[in-house]
Amino acid sequence: MTIVTSHTVTPAGGAGNGRVRHLVDQRLGELLDQELARLGFLGEEGVGLVRRHLAAFARDGGKRLRPAFVYWGHRAAGGTAADLGAVLNAACAVELVHVAALLLDDVMDEAPGRRGRPAAHVALAAEHRRAGLRGDPARYGESQTTLLALLALAWADAALLGSGPHLADALGVLTRLRVEVTAGQQLDLAGTAAGADTGRTRTIALYKSAKYTIERPLHLGHAVAGGGPAARRALSAYALPLGEAFQLRDDVLGVFGDPGRTGKPAADLRQGKPNHLVAAARERTGPRGAALLDAVLLDTVATEEDVVVARELIVSCGALDAAERRIAALAAQAVGALDALPGLPGDARAALTELTVLATDRSR
């Protein structure tokens with residue numbers, strides 16, 4: 001993907017994000033081993049369950065976008081290699097919060113899979129059935145997954161304890177991140193139940209994605225470095241348009257994505273989720289188009305043919321094309337905002353430019 005504007009965005013393979021991912025993976029593995037070792041009281045079977053469905057899931061962490069933003073927020077705010085351990089701990093804390101969010105999200109969405117494998121609650125229900133345990137397997141799977149998510153949140157706090165002398169500021173940012181994403185999810189659930197227009201979908205995107213995925217991780221790295229207010233404001237000017245573009249891409253994938261590439265089903269139409277693309281199509285097509293889309297969104301037994309018709313409507317009314325143009329414009333705006341970051345090191349500029357591509361082109 002290339003976004004052609006006065007600030008051209010191109011992949012920057014040497015920007016250092018591969019190295020950051022390796023460092024985060026290494027440190028996260030150490031933290032997971034440390035925390036698993038403290039669970040001996042669960043017995044071999046209990047520790048094995050946590051290892052299979054929480055630790056293994058956390059180790060297989062996708063692109064590590066949020067930890068990367070923590071790292072480069074730290075670098076942009078003047079952080080140095082001397083603080084490497086502190087910023088990696090903070091990056092791992094955000095990743096563990098994300099692990100908890102994904103586990104719970106799959107339960108709430110009744111998602112069958114994640115990252116090309118059964119979702120944790122589905123796998124745990126299957127284990128319950130195979131073992132012939134008492135009770136409802138589905139309920140067991142959901143309950144165990146909820147507890148694993150709570151454990152991941154506790155481990156996030158444990159990781160943050162190693163984030164250096166600015167712990168209080170870092171904890172304040174991580175707390176805001178958790179509050180905002182939780183409230184954003186509440187908005188998402190309410191929108192699924194009652195329907196949502198484009199204004200509401202933008203609000204959901206702000207708190208579920210823009211702040212959670214990009215702005216607060218950047219602020220967390222900034223806090224660990226003890227950065228000043230000018231750098232924080234400039235990081236927000238980069239983060240907020242990119243966060244909106246990130247969610248728009250997620251909405252496009254929620255309708256048109258290939259589960260084989262994204263690791264999750266393109267199920268927003270079937271689940272009636274408050275997707276900006278769908279809301280825009282409703283507004284563009286009037287009552288007849290809205291009725292067609294509602295027939296798919298509200299029908300729990302909608303066929304694949306129904307979904308295809310809805311997708312064709314979204315394309316024909318121009319909603320998809322408008323979303324793609326908006327993604328490109330927002331990404332360019334984010335890259336342009338890097339000019340306002342005081343004393344931004346070259347490696348941080350290159351990495352943040354590359355992350356703009358990774359966040360808006362999820363095929364990579």
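The values are calculated or read from the model by the stated rules, or taken from the named source; none is laboratory data. If you're wondering where the values come from, they're calculated on a predicted model, not measured in any experiment. As a convention, Cβ positions derive from the backbone with ideal geometry for all residues, glycine included, and neighbour counts pool all protein chains shown. In case anyone asks, the SASA skips ligands and DNA or RNA and just uses the protein heavy atoms, side chains included. Shrake-Rupley method; radii C 1.70, N 1.55, O 1.52, S 1.80 Å.
Miscellaneous remarks
- Unmet requirement for Gly243, which otherwise passes all of (1) in contact with a helix residue (DSSP H, G or I) (Cβ under 9 Å, 6 or more places away or on another chain); (2) open to solvent by 10 Å² or more (accessible area, probe 1.4 Å); (3) over 27 Å from His53 (Cβ atoms): (2)
- Of residues in region 64-84 being touching a Lys or Arg at 6+ places or on another chain (Cβ under 8 Å) and assigned to a helix (DSSP H, G or I), the one surrounded by the fewest Cβ atoms within 10 Å (Cβ to Cβ): Ala68
- Top-ranked residue of region 318-364 - restricted to ones that are farther than 21 Å from Glu244 by Cβ, outside any helix (DSSP H, G or I) and not small (Gly, Ala, Ser), ranked as modelled with the lowest pLDDT: Pro342
- Single match in Arg117, Arg139, Arg134, Arg129 (criterion: surrounded by fewer than 16 Cβ atoms within 10 Å (Cβ to Cβ) and within 15 Å of Arg59 (Cβ to Cβ)): Arg117
- Spans of helices (runs of 4 or more DSSP H) in region 94-207 with at least 1 residues touching a Lys or Arg at 6+ places or on another chain (Cβ under 8 Å): 120-131, 137-160, 167-194
- Lone qualifier among Gly257, Gly263 - being at pLDDT below 65 and of a type in the set (Gly, Ala, Ser): Gly263
- Within region 16-36, the set of residues being out of contact with any Phe, Trp or Tyr (no Cβ under 9 Å at 6 or more places or on another chain) and either modelled with pLDDT under 95 or open to solvent by 80 Å² or more (accessible area, probe 1.4 Å) (or both) comprises Gly18, Arg19, Arg21, His22, Gln26, Glu30, Asp33.
- Residue in region 281-289 that is modelled with pLDDT of 75 or more, open to solvent by less than 30 Å² (accessible area, probe 1.4 Å) and closer than 26 Å to Gly85 by Cβ present: no
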